[in-house]
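Just below is one structure, and these are the notes that go with it.
The values are calculated or read from the model by the stated rules, or taken from the named source; none is laboratory data. Nothing here was measured: the structure is a model prediction, and the numbers come from that model. Cβ coordinates were reconstructed from backbone atoms using ideal geometry, including for glycine residues, and neighbour counts include every protein chain displayed.
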């Protein structure tokens, strides 16, 4: 059977770090024009799909030391990632658009799909991804085939399937800068000619890149483990069944927010010296952390009927997350400076059902039609405990609450709240091959959304960040939507294809349901819609040795769902609201060049101009919350790119030598989407570039491989997030692991 190679479209550079696999295919002389993707729910050549797509191999991400979507941001020029204190508050952005919210009744603009199953909560997507075959990044609205909450794009993750023969692998690695270790193992088991299985386990730990001077420990680390199994059965020639089950646990002491600027009050005396994005110390008595458990099961059936394929995918998933947060960033409570600690366990479950019919590809009219159902339920209990103390006369030096004579109060509040999203949809997309070179594309999706929420807060004693008791409050809303796609595609030659498309995107209604909800925030946040225009040119040149793809786009978003900062009970929070109208436009270039066997050069470059067109007056009626027209969106760097080179030198004595280098860069980007120009200036993350190098040896048949790496060769420091609200008007920084140089070695044995 002809081997299919699945690699990149827009950020092809990713695969270059997976040198062994790619170098092996190079020696086989595979034509790059045969690269295959499944971004339109059928197998198609990458160069035949009229859309801008990035595809990353799981091996490429693993070569960077981890397999998660946070790492992918350095490999896809139009993908950006907002890091937060806990995973449930983290966000993906595509082409400058994403939804950042603390509400459990709001959903992302970038949807994550694993083996055809939509992950209902964005936080679940940020765990380690076990046994990944590839990650397809579909840029721009994808409402027709993937449904709601894809107004900015889709991350489509496909995991590995069982092999035909018994075999497996064991892989281990160790990295400096916090003593990170990982261990992964997998085995393929052919139970019979008709039933095959693949089973994997993974474990990883990391001490962290930040030192907590109060507790004498490192933080921002983790301990993860997970198991996964896939069974594929072919009981008949025309029927295939795929059963997938997985379970994982995560215990993260992440992510500590550092005080990167000098406070204007007495707390500066007990905080580490602020050094901006080079700060690496905190003094906190409570470790901000996240504990997670998640797992699920899915069944996919593919039945061939007269050349058509009927596909059914059903799933159940459970996702539980407990957030623990230090909200005062100090080593203890002081007179005039309260202690604020949060505890917020959350449980959620999702049921999905999808049925679709896919026509054969080799006919005048091809199509995919289907129906979809999902129900996602989330419940949370959030408790905030304060320690507030006073002393008369008011001290002129920083005084702990344990000092004699202090009067201590303990404000506290607990809120229980939940949401239920129910979604029904009918969809279809077709392609009419009018001639051998000219095609028309059209698709529609009808979506019906239902959302119900509840909230009640009991506050025995109010205080900083704790509003009075509220509720019980219940509400519901519903919305119907028709989204779709239309376009044309023309083959300029056998090696070049041009396309132009219009896409309508949609994200369902929401509520701003969070701990400090009050009556002024109970309004419905209307559905978000997007209108996107894209033109592209896909070229396969030099007898299949060079892929060069270009795309340009313009998109507007109405009722853009966004967070902007607000002050509630003396604590800075973010208000989830219909922000108004925004737009994004840009151009993208991607290439993959294989000048000779075993030598690969690749890269991607993106220009993005995403900004506010017209911001709405916030629901609190405060005009100072209006963000000026023309303000750039958060996490939308104007320029971003990557380039990579890898070379496999064969038969160097008894082994092959593998050399690799990868660089990525981005211009400055806004971290806090704020109406205040001064705040936007301070919370702008400066431009930076990263360079990684690797060198390894491998057996000629890839039975083993040992690779040494240096990450962030030039020790380029940067912040992944900068926000206001720290002690004394200071600013809080989140520093990722990638902001420091570190080294690692990985060994893999295949059997």
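What number of residues within region 502-528 satisfy the criterion of being over 24 Å from the mean Cα position of the chain (by Cα) and not in a loop (DSSP other than H, G, I, E, B)?
4
Here is a yes/no grid of residues against (1) out of contact with any strand residue (DSSP E or B) (no Cβ under 8 Å at 6 or more places or on another chain); (2) within 21 Å of residue 173 (Cα to Cα); (3) not in a strand (DSSP E or B):
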residue: 713; (1), (2), (3): no, yes, yes
residue: 716; (1), (2), (3): no, no, yes
residue: 725; (1), (2), (3): no, no, yes
residue: 728; (1), (2), (3): yes, no, yes
residue: 733; (1), (2), (3): no, no, no
residue: 743; (1), (2), (3): no, yes, no
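Can you pull out the strands (runs of 3 or more DSSP E) entirely within region 399-479 that have at least 3 residues that are within 26 Å of residue 117 (Cβ to Cβ), over 32 Å from the mean Cα position of the chain (by Cα) and modelled with pLDDT of 95 or more?
Correct list: empty, since no element meets the threshold.
Among (1) under 29 Å from residue 292 (Cα atoms); (2) part of a strand (DSSP E or B); (3) in contact with a helix residue (DSSP H, G or I) (Cβ under 9 Å, 6 or more places away or on another chain), there is one condition residue 313 misses while meeting the rest; what is its number?
Going through (1) under 29 Å from residue 292 (Cα atoms); (2) part of a strand (DSSP E or B); (3) in contact with a helix residue (DSSP H, G or I) (Cβ under 9 Å, 6 or more places away or on another chain) one by one, residue 313 breaks only (3).
Condition (residue is touching a strand residue (DSSP E or B) at 6+ places or on another chain (Cβ under 8 Å), closer than 22 Å to residue 251 by Cα and surrounded by 15 or more Cβ atoms within 10 Å (Cβ to Cβ)) applied to region 350-368: is it met by at least one residue?
Looking through region 350-368, none of the residues is touching a strand residue (DSSP E or B) at 6+ places or on another chain (Cβ under 8 Å), closer than 22 Å to residue 251 by Cα and surrounded by 15 or more Cβ atoms within 10 Å (Cβ to Cβ).
How many residues are under 10 Å from the mean Cα position of the chain (by Cα) and assigned to a loop (DSSP other than H, G, I, E, B) if we restrict to region 79-97?
Summing the residues that are under 10 Å from the mean Cα position of the chain (by Cα) and assigned to a loop (DSSP other than H, G, I, E, B) in region 79-97 gives 2.
Which of (1) modelled with pLDDT of 90 or more; (2) closer than 24 Å to residue 293 by Cβ; (3) crowded, with 18+ Cβ neighbours inside 10 Å does residue 183 not meet, given it meets every other one?
Only one criterion is unmet by residue 183, namely (3).
Any chance region 613-633 includes a residue that's in contact (Cβ under 8 Å) with a residue 60 or more places away in the chain, farther than 27 Å from residue 721 by Cβ and surrounded by fewer than 17 Cβ atoms within 10 Å (Cβ to Cβ)?
The answer is no; no qualifying residue exists.
Can you tell me how many residues in region 546-597 are closer than 26 Å to residue 149 by Cβ, part of a loop (DSSP other than H, G, I, E, B) and modelled with pLDDT under 90?
So the count comes out to 1.
Considering only residues that are surrounded by 24 or more Cβ atoms within 10 Å (Cβ to Cβ) and either more than 25 Å from the chain's Cα centre (by Cα) or over 14 Å from residue 717 (Cβ atoms) (or both), which ones fall in region 254-270?
Within region 254-270, 254, 255, 256, 257, 259 meet the criteria.
Any idea which residue in region 440-456 is surrounded by the fewest Cβ atoms within 10 Å (Cβ to Cβ), counting only those that are free of Cβ contacts under 8 Å to residues at least 60 places away in the same chain and over 21 Å from residue 146 (Cα atoms)?
Looking at residues that are free of Cβ contacts under 8 Å to residues at least 60 places away in the same chain and over 21 Å from residue 146 (Cα atoms), I get 456.
Find the residue count for region 259-301, including only residues that are under 18 Å from residue 211 (Cα atoms), in a strand (DSSP E or B) and at pLDDT 95 or above.
Number satisfying all stated conditions: 3.
Taking the stated definitions as given, is residue 51 over 16 Å from the mean Cα position of the chain (by Cα) and at pLDDT 80 or above?
Yes.
Test residue 660 against the stated conditions and say whether it is part of a strand (DSSP E or B) and crowded, with 22+ Cβ neighbours inside 10 Å.
Yes; evaluated as a whole, the condition is true for this residue.
Does at least one position in region 683-694 carry a residue that is buried (at least 18 other Cβ atoms within 10 Å of the Cβ) and not in a strand (DSSP E or B)?
Yes.
Failed condition for residue 505, given (1) closer than 27 Å to residue 523 by Cα; (2) surrounded by fewer than 15 Cβ atoms within 10 Å (Cβ to Cβ), with all others met?
Among (1) closer than 27 Å to residue 523 by Cα; (2) surrounded by fewer than 15 Cβ atoms within 10 Å (Cβ to Cβ), the lone unmet condition for residue 505 is (2).
Look through region 626-642, keep the residues that are out of contact with any helix residue (DSSP H, G or I) (no Cβ under 6 Å at 6 or more places or on another chain) and assigned to a strand (DSSP E or B), and return whichever of them is nearest to residue 61 (Cα to Cα).
641
Of the residues that make up region 102-117, is at least one surrounded by fewer than 24 Cβ atoms within 10 Å (Cβ to Cβ) and modelled with pLDDT under 85?
yes
Among the numbered criteria (1) assigned to a loop (DSSP other than H, G, I, E, B); (2) touching a helix residue (DSSP H, G or I) at 6+ places or on another chain (Cβ under 9 Å), which one does residue 319 miss?
(1) is the only condition that residue 319 fails.
Would you call residue 648 touching a strand residue (DSSP E or B) at 6+ places or on another chain (Cβ under 9 Å), assigned to a loop (DSSP other than H, G, I, E, B) and more than 27 Å from residue 276 (Cβ to Cβ)?
Answer is no for this residue.
Yes/no matrix, rows are residues, columns are (1) more than 22 Å from residue 129 (Cβ to Cβ); (2) assigned to a loop (DSSP other than H, G, I, E, B):
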| position | (1), (2) |
| --- | --- |
| 158 | no, no |
| 165 | yes, yes |
| 178 | no, yes |
| 183 | no, no |
| 193 | yes, yes |
| 201 | no, no |
| 211 | yes, no |
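Residues in region 125-146: is at least one surrounded by fewer than 18 Cβ atoms within 10 Å (Cβ to Cβ) and touching a residue at least 60 places away in the same chain (Cβ under 8 Å)?
yes
Restricting attention to region 668-682, which residues are surrounded by 15 or more Cβ atoms within 10 Å (Cβ to Cβ), in contact with a strand residue (DSSP E or B) (Cβ under 8 Å, 6 or more places away or on another chain) and part of a loop (DSSP other than H, G, I, E, B)?
671, 672, 673, 674, 675
Looking at this structure, is residue 232 without any contact (Cβ under 8 Å) to a residue 24 or more places away in the chain and either surrounded by 17 or more Cβ atoms within 10 Å (Cβ to Cβ) or part of a strand (DSSP E or B) (or both)?
When the stated conditions are applied, residue 232 does not pass them.
Can you tell me which residues in region 252-282 are in contact with a helix residue (DSSP H, G or I) (Cβ under 8 Å, 6 or more places away or on another chain) and closer than 16 Å to residue 327 by Cβ?
Across region 252-282, the qualifying residues are 259, 263, 267, 271.
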